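Reading through the structure tokens given below for one structure.
The values are calculated or read from the model by the stated rules, or taken from the named source; none is laboratory data. It should be emphasised that the depicted structure is a prediction, and the values quoted were computed from it without experimental measurement. Don't worry about glycine lacking a Cβ; one is built from the backbone with ideal geometry, like all the others, and counts go over all protein chains shown.
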Ligand SMILES: C[S@@+](CC[C@H](N)C(=O)[O-])C[C@H]1O[C@@H](n2cnc3c(N)ncnc32)[C@H](O)[C@@H]1O
């Protein structure tokens with residue numbers, strides 16, 4: 001559906017990944033994120049080059065699942081496990097519908113940093 005949410009008076013405010021945004025999101029994102037399709041293509045190419053059978057690829061904040069579904073479509077028979085997670089219910093509902101024909105798991109959920117446990121070593125630091 002074409003995104004006309006911010007045209008004219010009475011625009012939704014504040015912005016949220018709610019049902020109205022989810023309903024036009026696929027149109028909104030290609031118009032609002034520079035080079036969105038190019039970046040999506042680059043991510044798929046990278047996964048195809050680097051991932052090996054058995055690898056898990058997780059799309060955190062997958063929205064309507066556009067990237068994950070394209071990735072699943074282009075990596076059939078490669079043995080990758082694909083998971084998409086999004087905290088917006090309307091977004092993940094659409095992603096689940098879009099992913100019906102491909103091998104990918106879509107899950108509602110919120111990603112948040114977890115506090116370091118006592119004595120743990122921060123990633124990237126040498127012990
Ligand atoms: C800009 S969109 C991402 C676009 C998407 N990755 C794509 O390629 O089409 C941001 C998404 O992240 C989700 N999000 C924001 N905070 C989140 C969190 N803490 N956990 C999970 N999803 C989150 C929003 O609901 C929204 O769908």
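Structural remarks
- Screening residue 6 with (1) without any contact (Cβ under 8 Å) to a residue 40 or more places away in the chain; (2) within 11 Å of the ligand (Cβ to nearest atom); (3) surrounded by fewer than 18 Cβ atoms within 10 Å (Cβ to Cβ) gives one miss only, at (2).
- Some residue of the stretch 112-123 being within 15 Å of the ligand (Cβ to nearest atom) and over 16 Å from the mean Cα position of the chain (by Cα): yes
- The condition of being within 15 Å of the ligand (Cβ to nearest atom), in contact (Cβ under 8 Å) with a residue 12 or more places away in the chain and under 12 Å from the mean Cα position of the chain (by Cα) holds for residue 86.
- Within the option set 58, 39, 43, being under 30 Å from residue 20 (Cβ atoms), more than 9 Å from the ligand (Cβ to nearest atom), under 17 Å from the mean Cα position of the chain (by Cα) and not in a loop (DSSP other than H, G, I, E, B) holds for one residue only, 58.
- Only residues that are out of contact with any helix residue (DSSP H, G or I) (no Cβ under 8 Å at 6 or more places or on another chain) and closer than 23 Å to residue 108 by Cβ were counted across the stretch 45-82, and they come to 6.
- Qualifying residue in the stretch 99-107 (condition: surrounded by 12 or more Cβ atoms within 10 Å (Cβ to Cβ) and either modelled with pLDDT under 95 or away from the ligand (no atom under 15 Å from the Cβ) (or both)): yes
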